[in-house]
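First the structure, in the form of structure tokens, and then the observations on it.
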Amino acid sequence: MRFSRILILGIFTIAWWTWSTLPAASQSLFWQEMHKGRMNYRRGRAGQAMVHYDRALRLDSTNMTAHFNLADAALACDSVDRALSEYELVAKRSQDTHLRALSHHNMGVIYQAMAGLRSKEHVRQEYLKKAIAQYKQSLRLDPKSDPTRYNLALCMKQLKDENSNNNNQPTPPKSEKDKEQPPQSKPEKQPQKPPQPSPQRSQMLEYAKRKEQNTRRKINRRYMQPPKTKNW
């Protein structure tokens, strides 16, 4: 009986020790992955850094520093959509004001760079407007950031130049057909001539006219009535 009590107490002790040490072990693995991610990123292996940051986030998905570092690594790998989604997540959920300001700043840099890669003017303007909004939000969180202030001024100048170029764009030269012609006096209207019948129809009409004239002469001689005029 006494041995059974000792055995049960030992089992409960092991279970409590295991349960209490699990979070510490998980945190230890988390920081190991974070450290490996940072080392790979600094050595230029951004793709491998993304692998370690993803592993770290599987252990603690609420860590905003891991999300921010993953965004940096994704941007270095030209995974722009992944970087934007991670920065946006940090900007919305992080309790660290400085981390949020950096996220908005980096999103502004991405949008400004995307504007420079677009050929259509209205698309460039839309990206510049997005970049300006992100820089302004970053400055609200960190008003002393000189890089953000400089980028904002540069971005606003680019947008202003885009608008001025659009307003001052010269009209394309007119072709020879589009060039203005000197005013010409309108030709006087000529009296319209009745349509000329075809030769076959003319012969038929002439024959009918002669026949009707002969008929009228006969009638006039008989009844002495003025003939009815008829236009052909």
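The values are calculated or read from the model by the stated rules, or taken from the named source; none is laboratory data. Model, not experiment: these values are computed from the prediction. As a convention, Cβ positions derive from the backbone with ideal geometry for all residues, glycine included, and neighbour counts pool all protein chains shown. SASA here: full protein model, heavy atoms, side chains in, ligands and nucleic acids out. Shrake-Rupley method; radii C 1.70, N 1.55, O 1.52, S 1.80 Å.
Restrict the check to the stretch 133-148 and report whether at least one residue is of a type in the set (Ser, Thr, Tyr) and open to solvent by 30 Å² or more (accessible area, probe 1.4 Å). Within the stretch 133-148, not a single residue is of a type in the set (Ser, Thr, Tyr) and open to solvent by 30 Å² or more (accessible area, probe 1.4 Å).
Selection within the stretch 86-102: residues that are basic (Lys, Arg) and within 26 Å of the chain's Cα centre (by Cα). The member of this set that is least open to solvent (accessible area, probe 1.4 Å) is Arg100. Among the residues examined, Gln190 does not qualify as more than 30 Å from Ala101 (Cβ to Cβ), modelled with pLDDT under 90 and in a helix (DSSP H, G or I).
Any residue that is touching a helix residue (DSSP H, G or I) at 6+ places or on another chain (Cβ under 6 Å) and within 20 Å of Gln134 (Cα to Cα) - is there at least one of those in the stretch 42-52? The answer is no, given that none of the residues of the stretch 42-52 is touching a helix residue (DSSP H, G or I) at 6+ places or on another chain (Cβ under 6 Å) and within 20 Å of Gln134 (Cα to Cα).
Of the helices (runs of 4 or more DSSP H) contained entirely in the stretch 30-101, those carrying at least 1 residues that are touching a Cys at 6+ places or on another chain (Cβ under 6 Å) fall at 46-59.
Checking each residue of the stretch 114-122 against the condition of being open to solvent by less than 20 Å² (accessible area, probe 1.4 Å), under 23 Å from Leu154 (Cα atoms) and either of a type in the set (Lys, Arg) or under 20 Å from the mean Cα position of the chain (by Cα) (or both) gives at least one match.
Would you please name the residue that is modelled with the lowest pLDDT, looking only at residues in the stretch 74-85 that are over 17 Å from Ser61 (Cα atoms) and surrounded by fewer than 18 Cβ atoms within 10 Å (Cβ to Cβ)? Only one residue tops the list, namely Asp78.
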